């Protein structure tokens with residue numbers, strides 16, 4: 001799960017402003033990344049709560065940060081997202097900052113997404129998306145699942161991108177998805193398939209943003225997509241040349 005957010009300074013009245021805490025960019029370090037101490041404290045708090053944090057770094061935009069934590073099943077991941085947002089806001093307050101999960105708080109710079117990495121596992125622990133003999137080493141189940149995400153994107157975006165500001169993020173030029181296709185490396189398609197295979201075979205849905213209700217978002221995706229996975233007639237995998 002990749003969750004992004006902004007850290008803003010407060011004004012003289014102690015209210016949130018739109019002045020970013022730093023002018024850093026992707027993977028910048030101290031002293032350019034002035035949010036490093038706050039981000040480290042967030043990670044430490046999450047670890048104490050049982051999170052397996054995989055990465056934490058400055059993102060592309062000034063004042064923008066990302067903390068990634070390990071996958072789990074849908075319900076536990078939704079719980080983790082709710083806890084994550086609470087922890088980030090609380091720790092930011094401790095540092096005199098305001099954390100926001102608004103998708104596009106500032107015009108003209110990158111917005112914040114909540115990239116949802118998805119796969120299905122069998123009862124024996126094997127990844128149902130992986131087939132070493134298939135094209136792209138992706139199984140028929142995986143292709144149908146990914147095809148379902150693309151087929152129903154227009155329907156479930158009302159839940160995964162629930163506010164007006166969500167659609168100010170989904171515009172060209174800022175690494176946000178703008179095309180209902182898939183890719184292995186390009187960041188503008190709705191769906192990215194990371195290169196890792198085996199247990200790590202997965203689809204990364206790049207459209208959702210952190211303003212959504214994760215319980216509703218995951219439910220909407222699964223109800224629509226799993227119907228195609230198990231009842232699809234023929235190959236419904238959508239792609240582009």
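The values are calculated or read from the model by the stated rules, or taken from the named source; none is laboratory data. Owing to the predicted nature of the structure, the values given are computational and were not obtained by experimental measurement. Every residue, glycine as well, gets a Cβ built from its backbone with ideal geometry; the counts of neighbours run over all protein chains shown.
Brief remarks follow.
- Filter result (under 18 Å from residue 100 (Cα atoms) and outside any helix (DSSP H, G or I)) within the range 36-56: 56
- Selection from the range 184-204 of residues that are crowded, with 16+ Cβ neighbours inside 10 Å and either at pLDDT 95 or above or over 26 Å from residue 101 (Cα atoms) (or both): 197, 201
- Candidate set: the range 82-103, residues that are surrounded by fewer than 22 Cβ atoms within 10 Å (Cβ to Cβ) and under 14 Å from the mean Cα position of the chain (by Cα); chosen: the one farthest from residue 14 (Cα to Cα): 82
- The sole residue among 221, 207 that is at pLDDT 90 or above and in contact with a helix residue (DSSP H, G or I) (Cβ under 8 Å, 6 or more places away or on another chain) is 207.
- Among the residues of the range 59-74, the ones that are in contact with a helix residue (DSSP H, G or I) (Cβ under 8 Å, 6 or more places away or on another chain) and in contact (Cβ under 8 Å) with a residue 24 or more places away in the chain come to 5 in all.
- Counted residues, the range 1-17 - those being modelled with pLDDT of 90 or more and under 23 Å from the mean Cα position of the chain (by Cα): 5
- Search result, residues across the range 158-183 that are crowded, with 20+ Cβ neighbours inside 10 Å and within 20 Å of residue 105 (Cα to Cα): 160, 161, 166, 169, 170, 176, 177
- The range 17-34 - residue that is in contact (Cβ under 8 Å) with a residue 40 or more places away in the chain and buried (at least 16 other Cβ atoms within 10 Å of the Cβ) and, of those, nearest to residue 96 (Cα to Cα): 21
- Check on residue 139, over 24 Å from residue 111 (Cα atoms), surrounded by 16 or more Cβ atoms within 10 Å (Cβ to Cβ) and modelled with pLDDT of 90 or more: yes
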